[in-house]
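For reference, the structure discussed in these notes is given below.
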């Protein structure tokens, strides 16, 4: 009787173990199949990228963006992930979401500094900030940021095919910042704040000497000293104007004014 009870207990334990094993195996099989189905349903990275590029070329940027974002999540370790992130940034750029585009280009440059597209990403990072910049009367923090990033582009990628474009944008940034500073100087002149006017004119002359606003700043500075009755200093600044900015339309006016000042002082022109 005792042996029969032992036998029955052993059989029950065996049945329970078998049921547990079967249940565990069944769950693992189901999960494995589900995972296999999900992986099978996903297209390969090359196929997904080609599809995204086709949409991008047809200017369907939002659709391309969705595919590229999925690729960043599912294929982050593939060899084309740098190109995926670059075109993801371009979709934001084309949709005029410039801050998000700048963020994508910056992360690409930081994560993949040796990538073949890193230089172009740096250029578009700078261009994104340039696109964000308003006209000169408004705050120019984005213009300053764009200038910094374009300069970094030229320093780090001096042989890049977009080098001449980068130089052109640097000139535009500097011209915009010079105009903003000159406008501030002119405003102070109009309200008779001549010391502040000279201060801002000097910023243009020192920092933006190669822009079209430098000559105007030089002349405005001379006018400040005339207003302050400092004819000796005004004469000096007008002579600098003629020496540094020949051929400007104000040249005749400046020469006539200098002649008057020389006559007053009794010195020869």
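The values are calculated or read from the model by the stated rules, or taken from the named source; none is laboratory data. Not measured: the values here are computed from a predicted model. With ideal geometry, Cβ positions are generated from the backbone for all residues, glycine too; neighbour counts draw on all protein chains shown.
Worth pointing out:
Residues checked against (1) surrounded by fewer than 10 Cβ atoms within 10 Å (Cβ to Cβ); (2) modelled with pLDDT under 50; (3) touching a helix residue (DSSP H, G or I) at 6+ places or on another chain (Cβ under 8 Å); (4) within 27 Å of residue 110 (Cα to Cα):
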site	(1), (2), (3), (4)
2	yes, yes, no, no
11	no, yes, no, no
15	no, yes, no, no
28	no, yes, no, no
45	no, no, yes, yes
52	no, no, yes, yes
71	no, no, yes, yes
82	no, no, yes, yes
85	no, no, yes, yes
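- Taken as a whole, the condition of being within 30 Å of residue 128 (Cα to Cα) and either touching a strand residue (DSSP E or B) at 6+ places or on another chain (Cβ under 7 Å) or free of Cβ contacts under 8 Å to residues at least 60 places away in the same chain (or both) applies to residue 201.
- Of all residues in the range 184-202, those satisfying the criterion of being more than 20 Å from residue 238 (Cβ to Cβ) and surrounded by 15 or more Cβ atoms within 10 Å (Cβ to Cβ) are 184, 193, 196.
- Count of residues meeting criterion [in a loop (DSSP other than H, G, I, E, B) and surrounded by 14 or more Cβ atoms within 10 Å (Cβ to Cβ)] in the range 144-161: 2
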